[in-house]
């Protein structure tokens with residue numbers, strides 16, 4: 001091996017660490033030859049003069065990417081042992097196995113220089129106290145990081161091109177399968193198909209994800225879920241329908257026959273302890289990378305999918321929405337705590353007891369926040385409402401509504417409509433057409449019993465006080 005003369009008895013008197021790493025579990029499972037070559041470095045260390053008992057193999061990072069050192073427990077162990085002066089040499093198949101980040105490799109090189117630790121790969125022995133060795137190893141580390149960038153760019157470009165064609169295969173939602181040609185088809189299993197159809201139908205009927213869960217629970221029905229990975233990979237398992245599963249199904253555009261890619265993106269954050277954490281963040285529909293409608297048969301239409309998302313958005317009370325809820329409480333969803341300003345929820349107890357309670361649980365909550373009986377508040381609000389809403393005010397509001405409707409109709413009805421054409425129908429004795437109906441001619445479109453809703457002349461129900 002090149003540079004074997006750099007190894008001194010001082011180095012052989014300390015440990016020889018063999019660092020073994022593969023970037024993914026797929027590589028560990030399929031690229032076995034590379035893993036075997038890395039484990040074979042133990043024999044190379046013995047040939048270079050280390051005692052078999054002085055060779056330590058660190059393989060805790062098998063299946064872990066080398067981009068971030070803080071995420072690799074094996075790499076941290078290597079660094080800590082180097083800092084303690086226990087290591088005479090670090091063996092790696094190539095420098096990229098130690099790290100794909102120049103910052104991580106540079107830190108290890110500096111610690112190795114301070115503790116007189118050698119770095120050894122298939123090309124030779126590197127003494128970090130030697131400027132030429134340090135320069136050469138740093139250059140190899142920079143090339144390794146650039147290589148990772150190029151490989152990732154090529155892979156991502158190929159995936160993106162396939163996604164724009166709708167050919168990039170991914171895990172299908174429950175209720176769909178691939179045929180022999182790779183086309184997406186509705187699952188031929190009638191039980192699976194019926195479960196998906198009933199879930200979407202119940203959401204359209206109830207307008208609530210919890211309502212769907214309640215219906216399935218009351219009927220004792222189960223919902224399928226396809227397992228990915230492990231011994232159950234690709235197989236269906238049936239279980240209780242949960243709130244999260246309903247949201248996942250309703251938000252999935254695949255059930256509307258659409259192919260999508262890029263609905264979420266990876267976001268990294270540096271934690272206070274220096275570790276880097278990755279998480280997935282959803283994108284808004286306008287920022288999806290690829291959207292291909294009518295890509296495969298759908299359970300619902302695209303418009304119905306959009307309507308379902310609108311319903312879910314209207315149900316999100318945390319975002320400020322105030323959907324209509326069941327129950328007899330008059331002020332549910334619109335009452336706030338007079339102490340902390342937080343939203344108050346409605347609680348229904350035994351015997352018809354209803355109460356409003358402050359839902360703030362963080363530091364904004366004060367000892368004065370409390371629960372109030374709904375009857376006390378509702379009675380007072382009801383009296384104030386009846387005092388404020390008089391028949392005169394109702395009539396004024398209806399008159400304003402009629403005027404707005406007339407203006408909107410005049411601005412939107414085309415001039416070619418019959419209502420705007422000159423009347424050429426022969427007149428009767430009274431000067432009007434025997435079968436003319438001025439109200440019908442002024443408001444094109446279907447009529448409901450009692451007149452078109454919102455027309456100036458349609459009858460209004462008399463308020464009952």
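Every number in this text was worked out from the coordinates using simple rules, so none of it is lab data. None of the values given here were measured: they were computed from a predicted structure. Using ideal geometry, Cβ is built from the backbone for each residue, glycine included, and neighbour counts are taken over all protein chains shown.
Quick notes
- Cβ-to-Cβ counts within 10 Å put 240, 140 in ascending order as 240, 140, the fewest first.
- Full-stretch length increase - residue 406, residue 191 - with 0.36 nm per residue and alpha-carbon distance subtracted: 72.2 nm
- For the listed peptides 249-260, 25-36, 273-284, 210-221, a ranking on the average number of other beta carbons within 10 Å per residue, highest first, reads 249-260, 210-221, 25-36, 273-284.
- Relative contact order %, the range 4-155, counting alpha carbon pairs below 8 Å whose residues are six or more apart: 25
- Per-residue Cβ neighbour counts within 10 Å put 154, 113 in the sequence 154, 113, beginning with the fewest.
- Here the residues 142, 115, 310, ranked from fewest to most Cβ neighbours within 10 Å of their Cβ, fall in the order 310, 142, 115.
- Three-way shape label, the range 1-89, alpha-carbon gyration tensor, a/c 1.5: oblate
- With R₀ fixed at 30 Å, the C-beta to C-beta distance from residue 314 to residue 389 puts the FRET efficiency at about 0.70.
- Two-site FRET efficiency, residue 110 against residue 399, from Cβ-Cβ distance with R₀ of 60 Å, rounded to 0.05: 0.15
- FRET efficiency for the residue 26 to residue 218 pair, using the beta carbon distance and R₀ = 51 Å, is estimated at 0.70.
- Ordering of 116-125, 397-406 by burial proxy (mean other Cβ atoms within 10 Å per residue, highest first): 116-125, 397-406
- Computed over the Cα atoms of the range 4-155, pair by distinct pair, the Kirkwood hydrodynamic radius stands at 15.5 angstrom.
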